[in-house]
Every structure is written in structure tokens, then in C-alpha cells.
Amino acid sequence: MMIFRSVLLATALLAATAVAAFGQDGDDAVAAPVLHANVAVADSVVRIGDIVDNAGTAAQIAIYRAPDLGTTGSLPTAQVLSALQAHQVIGVDTRDIKAVSITRLSRSIEAREIRLQVARALEHRNGLGDAANLSLTFDRDVQDLQLDAAATGAIQPIAVRYEPRSGRFDVGFEIANDNNAPPVKLRFTGTAIETVEAAVLTRDVQRSEILKSSDVITERRPKAEVGNDAATRGATVGMQMRRQLRAGQALRTADLARPDLVQRDDNVTLIYESTGLYLTIRGKALDSGAEGDTVSVLNLQSKRTLSGVVIGRGQVAIPVATPRLPMAIEIPASSKVGAAETPTASVTASNSSPIAPKAE
């Protein structure tokens, strides 16, 4: 009996298919519906026309709710055929498809893009700097957004508020739809802090220490913490500390100085140099100084205190006075001697040997 009923049902289906195919004249025969294996829909529902071709007047009938935006779902073919038969769509050519894959089209906006758009909206507002230097903290975790595929408009800020004292921001955006639907509205709140790149100490340092490459790293720090004179890593290596600082503190330009090449009470070399003269004498530094600084030194030979310029480690150049040559002596013309006139002569006194300055 069960076998007989199955045969009867199959015969009825074949007869209905034949009627649909040949119910009109031969030239106007209606093509059989054909099932799709992969379907993409932009709407929130799946219609018969999305799943099969040649659905006729039933094409606009919605039979399933579409998957969430940007996701894909799967329907067994048998389940799809059952839904189609409920709307008198029969004789579907399944092409041996086992399941129908349905994807909901969407517009994806990454969280990174959202943060960038908020930073751009706040850029240069109420004292803030460039967007690239803003550190944003959102009240709610920002995640990738999936919008309706019709939301094709640009992300436009429509309301931007920022309070400098608290750092709080409130930014609203609008995205236009291309199907005359109301625009999509987005709103984000949180705090914004301007940051700068700064050299940060990796260890405690003492006053007068010389910084090595391993002593500093580069980090972004709030501008309010380091001000406008944040030191960069490249400008700190080899410099001398003006004060004691702890590990983790950001360096300012005012914290650094050129390293002292001469230390107070150190033995130094006094250098007298002039044209044709190079003389070195032992001395003692009475001041500390970096290259180019003027310091006081003691000539250990003459016991005199002198001023010189630091030119290297443990080296101080002592200025040498250049000897002045006598001025030219002009001899006036004498009275006539006989019938001839004595011409005017210019005589310059000079020494044949160089004049060496006396060492101080």
C-alpha cells in the first residue's frame, strides 16, 4: 500500500510538471524552475525568485528570513522544495544540489576605520593636535560594524563635542542610504588624549650620567605629561643627565646637556696654538665644561689662573695673542739735491724671525 501511494504521488508530480511545461503552445512553453546553489540577498528576507529562476508570479513571495548582515546560512534542498511546493512552485530542477547557501549582503566598517573617523572629527578641536597623535578610549568596545548594503554613503560627522578639561568626547555620524531610506546614525563617546613620541628611561639614572642606547626606548606619552619639549631617542644617546630620574620617566630636552669633556679638579692639557706654534702644558680644571664651553684652568707651571675653551676630552685651548707688527714709517721728501728730487720712500720694520708668545 505504501509503495502504491509513493508511485501515485510521483505520477501526480510528473503530470503537474507536464502541464506547466506544455500548457501553452509549443513556442510559448514555460521553462521549468531551476534551483540556485549559492544565493546572495540584500534584503532582510529571502524570496522565491532569489532561490530559483523561472518562478513566475511567485518570484516576489518571501519564504525565509535572511541571515544576519554579513553572514551565510545553509538550507537543505528538501526543505527548500517543501517551501516552494507550499506556494505551488513544483517541478523544480535541483541539478543534484544538496543544500542552498544564502549570504546576506552588507557594508562592513572595521573598528579601525571607526577609530580613525572619530580621531579625524576631533582633530584640531579645542586645542587638540593631529588625528595621528590622539589616543582614544571608548566607553563601549568598538567592534566591526555590518550595515545594510544600501548604506553606501560616506561617514559624515554631524555632531562633535569635546571638553578639554575632562578629555571627554561625543561624536555623531550619519551614513546615507541609496534607497531613500533614513540615513544610518552612529554615536561614539569616550575620552581623547593628545600624545607625543618621547624617549623613556629603561633604568634609574643619576645626575651627570651619560646615556647609552640601552638606557632609552621610544614610547607615546600624553602631551600634558612631557609638554612641548619631549626629547626624542636619537637626541638623548650620548647626552649627560642634568638631574636624577627614575626608570619609566619620559625625558625632556631640559633634562639633558652636552656631556662634560672636562671635569672640575681634573688634570687637563692646556694647548697654546698659533701660526708656527703648538705648545702643551699641564693644567688643572677649576670648572666643568662641555665642548665649546669656556672654563677656568690653573697653569701648573706658572701657577696662574687662565680662561680657555674646551676642545676635547681633557683638553683646553688657551687663546694666544697675535703679535702686532710696527706700523709703516713714511719718510717725507727732502729738499732738492742738485737738480734732482728725492722720491718719497715707505719703509716697514720687520723681524726676520717669528715672535713667539710667552707661555702664561
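Counting Lys and Arg as +1 and Asp and Glu as -1 over every other residue whose Cβ lies under 13 Å from the Cβ of GLU174, the net charge comes to +2.
Cross-link reach is defined here as a Cα-Cα straight distance under 20 Å, omitting same-chain residues fewer than 8 places apart; for LYS212 the aspartates and glutamates meeting it are GLU197, ASP204, ASP255, ASP260, GLU291. Potential lengthening of the chain between GLU123 and ALA37 amounts to 26.1 nm, from the contour at 0.36 nm per residue minus the alpha-carbon distance.
Calculated FRET efficiency, ALA176 to ARG140, Cβ-Cβ distance, R0 = 25 Å: about 0.55 to the nearest 0.05. For the stretch 108-257, the share of alpha carbon pairs falling in successive 10 Å distance bins from zero is 11, 31, 22, 19, 11, 5, 1, 0 percent. Other residues lying with their Cβ under 14 Å from the Cβ of PRO67 contribute a combined charge of -2, Lys and Arg counting +1, Asp and Glu -1. Working ranking of peptides 265-274, 163-172 by packing, defined as the average number of other Cβ atoms within 10 Å per residue, highest first, is 265-274, 163-172.
Any read-out appearing in this document is the output of simple, stated calculations on the displayed coordinates, not a laboratory observation. Note that this is a predicted model, so its numbers are computed, not measured. Glycine gets a Cβ as well: all are built from the backbone with ideal geometry, and neighbour counts include every protein chain shown.
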